[in-house]
Amino acid sequence: MSDINKIGEFGLIETFADKFNHLLDKNNLGIGDDAAVIRIDDDYSFVVTTDMLVEKIHFISDKISPQELGQKSLIVNLSDIAAMGAVPVASFLSVAINKNTSLEYVQQFTEGYLLTSNEYKVPLMGGDTTKSPNELTINVCVIGKVENKRIKYRHSAQGGDIVCVTGFLGDSAAGLSLLYKDKKMQEQYAELVKAHHLPIARVDEGRFLSSFSQVHAMMDISDGIGSDLKHISKASKVSINIDTEKIPLSEKLQNYCQQTDKNPLEFAISGGEDYELLFTVDKDYFNELSFEYLNKFGRPIFPIGTVRAEGEIPEVLYFYNNKRLTASYGGFDHFKTTNK
Ligand code: ADP
Ligand code: MG
């Protein structure tokens, strides 16, 4: 096993953070959250995020249409802006195109990127275009703007908070598994495949949640809560208990799992790419927030656990109807050979 496999994606990122943090202005936030925070003045900050999609790693070009790929590559970045409570302002798109990529493919990709840009009202303001000797590689950077007092970090969860998510978990991972099943089954569970190819960036929801000071920590679910909850736990130095029976599972996911003899919780916890928001809220404010959220979006927020008192060793424990589960859940890590 190589050294990189041993430390994993997040261990590798920590080595970058350690080396560069001394250059960071104390008002800014660098590596470690969904986006970096660059203070503009006493009232506002910019937030900046970037995400790369590599063919054969993040997508298989004959399994996702170029248009959907264009949409998704922007959506996943908008999701990180949403997670900070910010409004997206501009995007930058870089593409490394290999010799097999046709003009038509690039045009359809651009159409998809434009669709999402229009939908979220974010102009493309720059980028870079180059040839690639290998796989098609796409990198998107999005800049957002947010009032300083509304920025939501991963490090602000407090003991007693209720842990919530904004929607169903596991659909995207199940959709990914369906790409390797027969056409008939893919059609039967088209909603799951769609959840994988075209997630929704919860920008309005993130803005709404950021208007409440009682919402403490927030991030988006890109690697699966099995991994993402660990980030909140570690950054906030708190422990988290998850009641797995409360994790929202769509009917489609449950039917698919019944038919294929799979555990939907595996998809929901260890899967990833749901791009729902994961946040913690003061327990005394939970009822009011739930009510107001439902009123505004016509969809509920789902409480899935609690933050235990601060000062304990940060850990995430899983329960099912109050019984501790011994299985440990991981999320997606690009380098680790085991995610447990
Ligand atoms: P997300 O899943 O929210 O996009 P990531 O897990 O990709 O977040 O990244 C976590 C943090 O690590 C972010 O702050 C990101 O900017 C930073 N990061 C990732 N790769 C690098 C790198 N090569 N150099 C510097 N920072 C990085
Ligand atoms: Mg994120």
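Among TYR189, TYR320, sorting on how many other beta-carbon atoms sit within 10 Å of each Cβ, with the fewest leading, yields TYR320, TYR189.
Around the amide H of LYS145, modelled in the peptide plane, lie the amide H atoms of VAL47, VAL87, VAL89, all under 5 Å away and 5 or more residues distant in sequence or on another chain. As a ratio to 2.2 N^0.38 Å, the alpha-carbon radius of gyration for segment 182-232 is 1.58.
Classify the chain: rounded, prolate or oblate, from the alpha-carbon gyration tensor (a ≥ b ≥ c, eigenvalue square roots; a/c under 1.5 rounded; otherwise prolate if a/b is larger than b/c)? Rounded, since a/c falls under 1.5. In units of the rule-of-thumb radius 2.2 N^0.38 Å, segment 1-157 shows an alpha carbon radius of gyration of 1.14. Taking only the alpha carbons of segment 227-315, we obtain Rg and Dmax values of 14.9, 44 Å in that order.
ASP261 label point, 7 Å along Cα→Cβ, cut-off 19 Å on backbone N: hits in segment 147-179? Answer for segment 147-179: 177-178.
Sorting PHE267, PHE297 by the number of Cβ atoms found within 10 Å of their own Cβ, with the fewest placed first, yields PHE297, PHE267. Going from the fewest other Cβ atoms within 10 Å to the most, the residues LEU317, LEU23, LEU53 appear in the order LEU23, LEU317, LEU53. For the chain, averaging the sequence separation of C-alpha pairs within contact (under 8 Å, six or more residues apart) and dividing by the residue count gives a relative contact order of 22 percent.
Per residue, the chain reaches -10500 deg cm²/dmol at 222 nm when only DSSP H runs of four or more residues are counted, each adding -39500 (n - 2.57). Couplings for segment 39-45, taken from phi via the Karplus curve 6.51 cos²θ - 1.76 cosθ + 1.60 with θ = phi - 60°, read 5, 8, 7, 5, 9, 10, 9 Hz in order; Gly and Pro are left as x.
Looking at segment 120-185, the chymotrypsin sites (Phe, Trp or Tyr not before Pro) that sit in a DSSP loop and have at most 13 other Cβ atoms within 10 Å of their own Cβ are TYR180.
Each value in this text was obtained by applying a stated rule to the coordinates, not by laboratory testing. These numbers come from a predicted model, not from an experiment. Every residue, glycine as well, gets a Cβ built from its backbone with ideal geometry; the counts of neighbours run over all protein chains shown.
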